[in-house]
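We did not get these values from a lab; they are worked out from the coordinates using the rules stated. Keep in mind the model is a prediction, meaning the values are calculated, not measured. Here Cβ is always computed from backbone atoms with ideal geometry, including for glycine, and neighbour counts include all displayed protein chains.
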Amino acid sequence: MRMIDANTMGTPAVTSGAVPAPALKAEARALDFFYGEVQALRKIDLPVWENRVTALIGPSGCGKSTFLRCFNRMHDIGEGRNRYHGEIVFHPDGVDILHRSVDPIEVRMRIGMVFQKPNPFPKSIFENVAYGLRVRGERSRSAIADRVEAALRDASLWDEVGDRLHDMAFNLSGGQQQRLCIARALATSPELLLFDEPTSALDPNATANIEDLINRLKEKVSILIVTHNMQQAARVSDYTAFMYLGELVEFGDTNVVFTNPKKRQTEDYITGRFG
Amino acid sequence: MRADVTELPVSIPIPTGAALAAAPVNRFAHRRLRHVGELAIEVVLFAAAFSAVAVTVAIVGILVYESAAFFSHVPLVDFLTDTQWTIMFSEKHYGVAPLLAGTLVTTTVGLLLAIPVGTVTAIYLSEFAGARTREIVKPVLELLAGIPTVVYGYFALVMVTPALQFFMPELPGFNMLGPGLVIGIMIIPYVSSVAEDAMRAVPVHMREGSYAMGATRLQTALRVVVPAATSGIVAAYILGISRAIGETMVVAVAAGQQPNFTWDPREPGATITAFIVQVALGDLPHGSIEYQSIFAVGLVLVLMTLSFNLLGHLARKRFREAY
Ligand SMILES: Nc1ncnc2c1ncn2[C@@H]1O[C@H](COP(=O)(O)OP(=O)(O)O)[C@@H](O)[C@H]1O
Ligand SMILES: [Mg+2]
């Protein structure tokens, strides 16, 4: 197993003086992934720091979504021809969440996900946010109501929907639906939140809202976000990982990756000279 | 209908260089050409759609016409309130209640079996079964739907009823419970296949949203997929109800053909459809009261099916998928 080289891992910049050094939330170690016989990820090493936003960028089809979905074992659903190799160690437990002995449901209870297209359930706004709690067997009405309100406030949606919690979620606008999906994920207090191009189906206004939200959320939760939009990566992330053809080409402090990339491929991609 | 300029035939030469400077050339195909072809197709399509409507209207028209003759002899009040249907006897009673009760009892028994089993089958096939299991189970279910109903009738008479008598020794040889259960078995494939299609049509990203929240397969199936597929599942139930109400042979063969005003499925009975075959198979003089009565009860049958379809339509509108 290759060890992670601390110098290339974007250890927090020395300039951030008073801010304490973040802890590791998770780290991929020599991660390979196969769709049947097709290898989609090759030997990926990547740290995810606590209370930081890590962006995954790269051309379409390079494996960003595939990589992201390893973190909550989404590949376990389906006909069972998908295979993981390597580890994703989750902290503070220090457990490899890809290990056969780990229940994917337990993993998903601690690692939330927001998808490309808003995917609210055919339920009321309230029931959408309460979903994770109900699935976990929470019975107390007041506890659920409190968590729903807190999650909607954290997702900056409370002011818009607080007075119509029992409307169907489908009646919300696209941007509101996406914030509802964020609230749904937040309601169960995940430790790590995965975003797969969360704004690609949204207009610029709704996109700006979500980006603001991500900036605020990192106080509570570690974030790993896939984006095809480099400006977005630059705006929201602390660290950036550039992927190409299933490999991790470069990882580092977002400022460094965007202003002074070490690899030629990264530079070509961020300057738009790609392909 | 407007000609679509983006679909100009490519064979038309595109003028280049010098030709472009010359006198203007009209490169637009004449509109009427396309128009005639489209019109012919439209007429054919309309005729096809209209013939179905025309047949339906004709059937309802005949039913209403012959029923009107029936109701000129029999007061509507008697038809609706009398509790005996003894049209074949010398002392005639014209109460539709026994036939209606027979229809409702066998239908209800059938649905009590078919709706739970059909729904569970659909959930299993759509959410749990692997591709291979589905490949085996689906054709078997379709086979079940392809068996002639007379066979089901005898199945009810010679197998199901005797089996039931093993547990209920007092059960008469002709009863509504056996045929009701067999109707249920018969319509399971209809319910399960339409409901399964509805569930499979629920987009993957909605299921993934549920899994990502830490839900199990069962929780995802029951809390997300089934609610998302409600309108299709309701459509499956309505189809099942219509099939059960309209089912004829099973009841005619195994329920005893005695109009009997009872809500107890253990007793013999006759349904509207069973009565219709019974009477239609005998040679009745055209225009006799017995002959006309078929149309009156047939009209009741049509009204029942129609109201269930209407209910289903309303339910579908109410639960329409919005993803
Ligand atoms: N379910 C799947 N089965 C087989 N191959 C897949 C599947 N999903 C994605 N792939 C392949 O894996 C590669 C990475 O895809 P993906 O992770 O979706 O890329 P990205 O999110 O970076 O656009 C692509 O070549 C894609 O064709
Ligand atoms: Mg993707």
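Before moving on, here are some points about what is shown:
- Take each residue of peptide B:280-287, count the partner chain Cβ atoms within 10 Å of its Cβ, and average: the result is 0.
- Placing a pseudo-label 7 Å from each Cα along the Cα-to-Cβ vector at B:Leu314 and B:Ala131 gives an inter-label distance of 4.4 nm.
- For peptides B:97-109, A:260-272, sequence by mean Cβ density within 10 Å, most packed first: B:97-109, A:260-272
- Arranged from fewest to most other beta-carbon atoms within 10 Å of their beta carbon, A:Leu157, B:Leu113 become B:Leu113, A:Leu157.
- Take each residue in B:227-236, count the other chain C-beta atoms within 10 Å of its C-beta, and the mean is 1.
- Top positive-direction residue, dipole computed over the range B:189-323 with Cβ charges, set B:Ile276, B:Met304, B:Ala229: B:Ala229
- Taking N as the residue count of the protein assembly as shown, its C-alpha radius of gyration divided by 2.2 N^0.38 Å amounts to 1.35.
- Volume per residue that the Cα convex hull of chain B spans, once the total is divided by residue count, Å³: 244
- Residues considered: A:Gly36, A:Gly252, A:Gly86. Largest GNM mean-square fluctuation over chain A, using C-alpha springs under 10 Å, is found at A:Gly36.
- Residue order, fewest to most surrounding Cβ atoms within 10 angstrom, among A:Thr207, B:Thr273: A:Thr207, B:Thr273
- Against chain A, whose longest principal axis comes from its Cα atoms, helix A:141-154 is set at around 50 degrees.
- For residues of A:113-121, the mean tally of beta carbons on other chains within 10 Å: 5
- Length gained when the stretch B:Val120-B:Val25 is fully extended (0.36 nm per residue, less Cα-Cα span): 27.4 nm
- Net charge over other residues, Cβ less than 15 angstrom from the Cβ of B:Leu310 (K, R count +1; D, E count -1): +3
- The range A:22-270: antiparallel DSSP beta bridges as a percent of all, rounded to 5: 60
- Since only B:Pro98, B:Ala114, B:Leu177 are under comparison, the one whose Cα sits farthest along the positive direction of the charge dipole of the range B:75-177, derived from C-beta charges on Lys, Arg, Asp and Glu, is B:Ala114.
- With 32 Å as the limit on Cα-Cα distance, the pairs of A:Lys43/B:Lys138; A:Lys123/A:Lys220; A:Lys64/B:Lys317; A:Lys218/A:Lys263 that go past it are A:Lys43/B:Lys138; A:Lys64/B:Lys317.
- Calculated diffusion of the range A:63-164, Stokes-Einstein form, Kirkwood radius summed over Cα pairs, 10 °C and 1.306 mPa s, µm²/s: 100
- Residue with peak Gaussian network fluctuation, chain B [Cα springs, cutoff 10 Å], from B:Asn309, B:Asn260, B:Asn175: B:Asn309
- With R₀ set to 25 Å, the beta-carbon distance separating A:Arg42 from A:Ser101 gives a calculated FRET efficiency near 0.50.
- Stretching A:Ala150 away from A:Ser60 to a fully extended chain increases their span by 28.8 nm, per 0.36 nm per residue minus the current alpha-carbon distance.
- When peptides B:147-156, B:71-80, B:164-173, A:187-196 are sorted by average Cβ neighbour count within 10 Å, with the highest value leading, the order is A:187-196, B:147-156, B:71-80, B:164-173.
- Efficiency of FRET from Cβ geometry, B:Thr81 and B:Glu290, R₀ 25 Å, rounded to 0.05: 0.75
- Within chain B, the selection of entire DSSP H helices by a Cα span of 18 Å or greater along the long axis and an average Kyte-Doolittle value of at least -1.0 returns B:31-73, B:97-123, B:131-146, B:177-200, B:230-246, B:289-318.
- B:His73-B:Leu281 FRET efficiency (beta carbon distance; Förster radius 25 Å; 0.05 resolution): 0.65
- Going by neighbour counts of Cβ atoms within 10 Å, the residues A:Ser156, A:Ser60 line up, fewest first, as A:Ser60, A:Ser156.
- Counted charge near A:Lys263, where neighbours are those whose Cβ lies closer than 14 Å (Asp, Glu -1; Lys, Arg +1): -1
- Scattering from chain A was approximated by placing one identical point on each alpha carbon and applying the Debye formula without solvent; log10 I(q)/I(0) at 0.13 1/Å stands at -0.88.
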